[in-house]
Amino acid sequence: MDVVLLTKSSTPIIGWFAEILGFIMNLIFDLGITNIGVAIIIFTLVINIIMIPLTINQQKSQKLQAVIQPEIKAIQDKYKGKTDNESAMKMNAETRAVYSKYGTSMAGGCLPLLIQMPILFGLYQVIYRIPAYVTSVRSVFETVATSLMQQSDYINKISDLAKAVRLPVENNDYTIPNKVIDLLYKFTPEKWTTLSETFPNMRSVLETSVPLIKQMNSFLGIDLSVSPWQGMNNINIAWIIPILAGVTQFISTKVMTTNQPKNGEPENEMAKQMQSMNTVMPIMSVVFCFTLPAGIGIYWIASALARTVIQLLVNYRLKDLDIDKLVESNLAKQNAKRAKQGLPALSANKKVIENAKHMDEIEKQEKEDRAKKYEVNAKNLKDSTEYYNKDAKPGSLASKANMVAKYNEKQANSKKNK
């Protein structure tokens with residue numbers, strides 16, 4: 001058991017998700033699916049179906065963000081160029097008030113995506129390390145690895161083969177069986193032939209195991225362990241995989257963006273960046289799927305097709321989504337959590353929102369009030385100075401004496417009035 005665990009992803013969180021997804025992949029093989037290409041397609045479809053609730057939540061969040069964004073942009077425009085701490089605090093308070101009005105938070109739109117990311121990375125780990133998670137596939141490679149490790153001076157002899165598949169010996173300890181299996185899983189048919197020539201004593205084992213490995217890796221006449229790119233002069237059927245990967249990725253991104261709600265606002269920088277990514281991603285898909293093993297390309301195609309179909313279904317379901325009901329639902333969920341914590345319930349908080357919308361008028365009124373107060377103080381000071389300087393040259397000794405006399409007079413009048 002320890003040997004099996006060593007080949008699995010050890011990255012925190014991603015490795016945990018890979019463990020769960022690997023169990024699903026192993027179950028597919030246990031049900032009688034022995035072809036890696038078919039298993040990848042079924043596996044990808046199952047995972048995308050499982051992720052439908054996350055997809056729905058993400059789409060709801062995007063529709064809600066489209067409604068919220070104009071208000072957020074108005075707040076950002078109001079404080080544009082204001083870098084002082086007071087303005088930053090006011091902007092954050094008004095922004096939180098807007099999100100509170102709609103029963104969500106500033107991180108609400110990112111949460112479904114953040115949940116999906118480790119799942120997708122874990123899925124890739126399973127696809128890339130199938131022998132680590134699928135017992136039946138591992139057993140075939142383990143038979144070859146066990147025989148190979150019994151050969152004399154095998155570590156030095158496999159050095160060149162390891163470098164050819166980009167697994168340098170100095171970074172891997174090939175005295176560990178799972179490391180040898182990792183190496184063998186990346187072998188192309190040519191490398192198996194080289195291995196047979198390098199270790200003649202393994203011929204009987206290889207004659208039994210290699211056909212099984214080729215059968216598992218063969219999909220519609222394409223060897224999934226080989227990258228489609230073999231040079232411009234070697235066009236082959238595997239080229240269809242990167243081409244389909246680019247086309248399906250393009251369709252998927254179009255479906256995901258075309259039906260998103262528009263808020264009537266001019267394009268911002270983030271929207272422009274998203275459009276650029278939607279153009280670049282299909283091109284990157286083609287490049288990657290030409291250079292990576294064809295099995296990865298099968299996954300990309302299956303994943304793009306599954307996302308497209310699911311997105312169309314989700315768009316159809318949410319086309320008449322009532323935003324008011326969504327806000328009510330969000331507030332109800334938040335209030336249920338707050339009730340458990342002994343906190344007061346949230347509401348649309350219309351007074352706060354109204355103040356946020358009219359903050360400019362409020363600030364203007366405050367400035368006018370301060371200006372009037374300053375004018376009154378200035379006038380009082382001027383009147384007081386004129387009173388004390390009356391009938392005397394300002395600054396003279398007589399004016400000072402007059403100031404004392406008038407002060408005493410003023411105090412005496414004050415006492416009489418009392």
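The values are calculated or read from the model by the stated rules, or taken from the named source; none is laboratory data. As the structure is a computational prediction, the values presented were derived from the model and not from experiment. Here Cβ is always computed from backbone atoms with ideal geometry, including for glycine, and neighbour counts include all displayed protein chains. All accessible areas refer to the heavy atoms of the entire protein, side chains included, with ligands and DNA or RNA removed. Shrake-Rupley method; radii C 1.70, N 1.55, O 1.52, S 1.80 Å.
Scaled to the globular estimate 2.2 N^0.38 Å, the Cα spread of the range 294-335, given as radius of gyration, is 1.84. Arg138 contributes an accessible area of around 10 Å² to the protein surface, as traced by a 1.4 Å probe with all chains present.
Diffusion coefficient (Stokes-Einstein, Kirkwood radius over C-alpha pairs, 4 °C, 1.567 mPa s) for the range 116-203: 94 µm²/s, rounded to a whole number. Applying a threshold of 28 Å to the alpha-carbon distances of Lys186/Lys254; Lys82/Lys372; Lys90/Lys254; Lys73/Lys319 flags Lys186/Lys254; Lys90/Lys254 as lying beyond it.
Within the range 128-143, name every residue whose backbone N is under 17 Å away from a label modeled 7 Å from Cα of Lys214 along the Cβ vector. Answer for the range 128-143: 141. Rolling a 1.4 Å probe over the protein chains gives Glu19 an accessible area of about 80 Å². Divided by 2.2 N^0.38 Å, where N counts the residues, the Cα radius of gyration of the range 2-76 comes to 1.69.
When the pairs Lys63/Lys101; Lys101/Lys333; Lys60/Lys80 are compared against a 20 Å limit on Cα-Cα distance, Lys60/Lys80 fall above it. Heavy-atom accessible surface of Lys186, to the nearest 10 Å², is about 60 Å², with a 1.4 Å probe and all protein chains retained. Assign one of three labels to the range 57-105, namely rounded, prolate or oblate, based on the Cα gyration tensor with a ≥ b ≥ c the square roots of its eigenvalues; rounded applies when a/c is under 1.5, prolate when it is not and a/b is larger than b/c, and oblate otherwise. Prolate is the answer for the range 57-105, as a/c is 1.5 or above and a/b outweighs b/c.
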